[in-house]
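J.: My questions all concern the structure below.
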Amino acid sequence: MWRVEKMVSPIIEIDGLSYTYPGAKKQSLSNVTLSIDKGDFVTLTGTSGCGKTTLCRCLNGLIPHFYGGEIKGDVVVSNLNVRDHAISELAQQVGFVFQNPENQLFALSVEREIVFGLENLALPPDEIRERLEWALKTIGIEALRERSPYEISGGQQQRVAIASVLAMKPEILILDEPTSSLDPQAAKNLFQVISKLNKTLGLTIILVEHRLDLLSTLTDRVIIMDGGSLRIEGNPREVFSSMSAKLMGIGIPKIVRLYQELESPPEKLLFSIEDFVGYLKRI
Amino acid sequence: MIKVENVSFTYPSGVNALKSVSIEISDGEFVAIMGENGAGKTTLVKQFNGLLKPGEGDVYVDGRNTRDLSVAELSKDVGLVFQNADHQLFCETVEDEIAFGLRNFGFSNRVNKKRVKWALTLLDLQEYRKISPFMLSGGERKRVALASVLAWKPRVIILDEPTVGQDQSQKERLLQFVRQLNTQGNTVILVTHDIEFVAECDPRVVLMSHGRIVADGPAKKILTNPKLIKKTSLILPQITQLFFKLADLGFPKDVISICEAKKLINDFVARRS
């Protein structure tokens, strides 16, 4: 089975990146420097308009190739400088799943949806068939293959969007608020699918999300952006325990907020329900 | 204020979205309509401002049957903010967008100006006054859509998934002014599956599933019922999950908000030490 080789070396390197949309007066990104290792599960969050989506668009070349605008600094993804490579070429390295699956899906059946990108790569039919089956199976949507993407639920649509991106066998999967229109149970299930892709295939994940309650135990690294810059980063425990995360308007998990608001909190951060139960049983 | 009697509704595609639904919402109530995607929540609230008319049964707004009224007439009293702002926005600037509804309702220019300014300030949109709504982020566009409805001050305000794409600080602001609208006497109806948001504002919760209302009562009672929550694809509030696990230490199970939780735990810690 195909698996991204897991080794600790940066797969994304961003150096001094600044970007201004055409016609905009203000920079959307200012002097961003960031390196992401192969196999990381990174959650990118921040208030709306902080530059999260813009940063993602730089990683698959939509910026500058599609949006234009003024870009400074370098973005290197899988050893390709995005400035010098076409979106189609980058799409084989970086899969992108959008906020609203309706904007991404267009084919008459789930199968057609998944093979479309593969046919465009002019892969041999056997390979296409194989990848189709693999993607359907990995995401657990084999039963949906004949269905129209328009008559399935939002959660299922997002899975189809992920499967169609996965079939391209990218090394990096970027998901821009993929759960924003899903109900909580569907969101939780989708996060589990994403976590599985990260753990079993070693796929590098960049997830833009506000729903940190459900993610805090799945992600390795949380990055908080504000006003076009990176402000706080670290593992979820470190990030959520810094008060500045709260000041920046981040939806830190309620359990952590409860901890922060206690009259005499224990020294060690209570990060999960289990932490809380353990603490209260001990005292 | 709003009375729905045995309403059934089937879309032309054949989807039977409402199955004999009855509900009454009084003046000044604060209601959250919750349930899984496709439960019929949006279909139900579209009956309130006449966007959809019942297939069977009747809907009354202030005693008037919605069958006899146009959407324009009903909208003056019942403002609906759509889930997807893009279905609602079309003007060239944010300011025009907000002024559009006002002009249609025939407000004078002077009132118009004042209301636009008020709505821009309320939703923190002043700096975007002159730019196209389509240049804005998803969360910002949602705020424009909300501002454009609030501007004509309908008595009933329906917000369809207002927290989607909003960050925490905007959610907190939203929570504040939803409460404010409610204390000023407006009827506020939220359609949402953001259970953590609802847990903090403690409204009356109407739970829908497969086109029917399956539960109706105070948030504290509904959101802490694991069976109902599971049935409707929701998840128990984090705080409730915690208190379920604390039951053997003598804590109550029906806790949903941080505020309550904090008090209970502080008292417990004080007693123990």
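The values are calculated or read from the model by the stated rules, or taken from the named source; none is laboratory data. A quick note: this is a predicted structure, and the numbers were derived from the prediction, not measured. Please note: Cβ atoms are built from the backbone with ideal geometry, for glycine as well, and neighbour counts cover all protein chains shown.
J.: Here is a check on your reading of the model: is residue A:194 out of contact with any Lys or Arg (no Cβ under 8 Å at 6 or more places or on another chain), closer than 25 Å to residue B:166 by Cβ and surrounded by 20 or more Cβ atoms within 10 Å (Cβ to Cβ)?
T.: In short, yes.
J.: Scan segment A:243-252 and tell me whether some residue there is surrounded by fewer than 21 Cβ atoms within 10 Å (Cβ to Cβ), over 24 Å from the mean Cα position of the chain (by Cα) and closer than 30 Å to residue B:270 by Cβ.
T.: For segment A:243-252, residues surrounded by fewer than 21 Cβ atoms within 10 Å (Cβ to Cβ), over 24 Å from the mean Cα position of the chain (by Cα) and closer than 30 Å to residue B:270 by Cβ: present.
J.: State all residues of segment B:156-177 that are surrounded by fewer than 21 Cβ atoms within 10 Å (Cβ to Cβ) and of a type in the set (A, V, I, L, M, F, W, C); if no residue qualifies, say none.
T.: B:175, B:177
Condition check ((1) more than 26 Å from residue B:164 (Cβ to Cβ); (2) out of contact with any Pro (no Cβ under 9 Å at 6 or more places or on another chain); (3) more than 8 Å from every other protein chain (Cβ to nearest Cβ)) across all residues:
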site: B:197; (1), (2), (3): no, no, yes
site: B:210; (1), (2), (3): no, yes, yes
site: B:213; (1), (2), (3): no, yes, yes
site: B:231; (1), (2), (3): no, yes, yes
site: B:237; (1), (2), (3): no, yes, no
site: B:241; (1), (2), (3): no, yes, no
site: B:265; (1), (2), (3): yes, yes, no
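Quick grid of which residues meet (1) within 14 Å of chain B (Cβ to nearest Cβ); (2) over 23 Å from residue A:24 (Cβ atoms); (3) not small (Gly, Ala, Ser):
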{"site": "A:48", "(1), (2), (3)": "yes, no, no"}
{"site": "A:51", "(1), (2), (3)": "yes, no, no"}
{"site": "A:60", "(1), (2), (3)": "no, no, yes"}
{"site": "A:67", "(1), (2), (3)": "yes, no, yes"}
{"site": "A:92", "(1), (2), (3)": "no, yes, yes"}
{"site": "A:101", "(1), (2), (3)": "yes, yes, yes"}
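J.: Is it true that some residue in segment A:151-165 is more than 21 Å from residue A:202 (Cβ to Cβ), of a type in the set (Asp, Glu) and buried (at least 22 other Cβ atoms within 10 Å of the Cβ)?
T.: No, segment A:151-165 contains no residue that is more than 21 Å from residue A:202 (Cβ to Cβ), of a type in the set (Asp, Glu) and buried (at least 22 other Cβ atoms within 10 Å of the Cβ).
J.: Can you say whether residue B:221 is among the basic types (Lys, Arg) and within 14 Å of chain A (Cβ to nearest Cβ), as far as the supplied structure shows?
T.: no
J.: Would you mention how many residues in segment A:1-26 are modelled with pLDDT of 95 or more and closer than 23 Å to residue B:170 by Cα?
T.: 0
J.: Being surrounded by fewer than 19 Cβ atoms within 10 Å (Cβ to Cβ), farther than 30 Å from residue A:183 by Cβ and among the aromatic types (Phe, Trp, Tyr) is the requirement here; does residue B:100 meet it?
T.: Yes, satisfied.
This table checks each residue for (1) under 22 Å from residue B:191 (Cβ atoms); (2) out of contact with any Ser or Thr (no Cβ under 9 Å at 6 or more places or on another chain).
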residue: B:33; (1), (2): yes, no
residue: B:66; (1), (2): yes, yes
residue: B:74; (1), (2): yes, no
residue: B:84; (1), (2): yes, no
residue: B:89; (1), (2): yes, no
residue: B:93; (1), (2): no, no
residue: B:118; (1), (2): no, yes
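J.: Shifting gears a bit: Can you tell me which residue is farthest from residue B:214 (Cα to Cα) among those in segment B:250-267 that are hydrophobic (A, V, I, L, M, F, W, C), in a helix (DSSP H, G or I) and modelled with pLDDT of 95 or more?
T.: Looking at residues that are hydrophobic (A, V, I, L, M, F, W, C), in a helix (DSSP H, G or I) and modelled with pLDDT of 95 or more, I get B:265.
J.: To continue, here is another question. I'd like the full set of residues that are in contact with a Ser or Thr (Cβ under 6 Å, 6 or more places away or on another chain) and surrounded by fewer than 22 Cβ atoms within 10 Å (Cβ to Cβ), limited to segment B:5-26.
T.: Scanning segment B:5-26 gives B:5, B:6, B:8, B:16, B:19, B:20.
J.: Looking at the structure I just gave you, is residue B:114 over 26 Å from residue B:8 (Cα atoms), of a type in the set (D, E, K, R), over 22 Å from the mean Cα position of the chain (by Cα) and not assigned by TED's automatic domain parsing to the domain that holds residue B:211?
T.: Yes, satisfied.
J.: Of these, A:258, A:203, A:230, A:262, which one is within 8 Å of chain B (Cβ to nearest Cβ), modelled with pLDDT of 90 or more and over 26 Å from residue B:234 (Cα atoms)?
T.: Matching residue, one of A:258, A:203, A:230, A:262: A:262.
J.: If the requirement is being at pLDDT below 95, touching a strand residue (DSSP E or B) at 6+ places or on another chain (Cβ under 6 Å) and not assigned by TED's automatic domain parsing to the domain that holds residue B:121, which of these qualifies: B:160, B:202, B:194, B:216?
T.: One residue alone meets the criteria, B:160.
J.: Identify, please: which residue in segment B:178-193 is within 30 Å of residue A:98 (Cβ to Cβ) and away from every other protein chain (no Cβ under 14 Å) and is, among those, surrounded by the fewest Cβ atoms within 10 Å (Cβ to Cβ)?
T.: Ranking the qualifying residues of segment B:178-193, first place goes to B:178.
J.: May I ask you to list the residues in segment B:205-245 that are surrounded by fewer than 21 Cβ atoms within 10 Å (Cβ to Cβ) and among the hydroxyl-bearing types (Ser, Thr, Tyr)?
T.: Residue satisfying the conditions is B:209 alone.
J.: Taking the condition under 22 Å from residue A:251 (Cα atoms), touching an Asp or Glu at 6+ places or on another chain (Cβ under 8 Å) and surrounded by fewer than 22 Cβ atoms within 10 Å (Cβ to Cβ), does residue B:262 pass?
T.: Answer is yes for this residue.
J.: Kindly indicate whether residue B:146 is in contact with a strand residue (DSSP E or B) (Cβ under 7 Å, 6 or more places away or on another chain) and surrounded by 23 or more Cβ atoms within 10 Å (Cβ to Cβ).
T.: Considered against the rule, which asks whether it is in contact with a strand residue (DSSP E or B) (Cβ under 7 Å, 6 or more places away or on another chain) and surrounded by 23 or more Cβ atoms within 10 Å (Cβ to Cβ), residue B:146 comes out as yes.
J.: When segment A:141-181 is examined, which residues are found to be within 14 Å of chain B (Cβ to nearest Cβ) and either farther than 28 Å from residue A:47 by Cα or among the polar types (S, T, N, Q) (or both)?
T.: A:148, A:150, A:151, A:152, A:153, A:156, A:157, A:158, A:179, A:180, A:181, listed by residue number.
J.: Shifting gears a bit: Could you please find all residues in segment A:206-223 being facing chain B (nearest Cβ under 10 Å) and in contact with a Gly (Cβ under 8 Å, 6 or more places away or on another chain)?
T.: Hits for segment A:206-223 are A:210, A:211, A:212, A:213.
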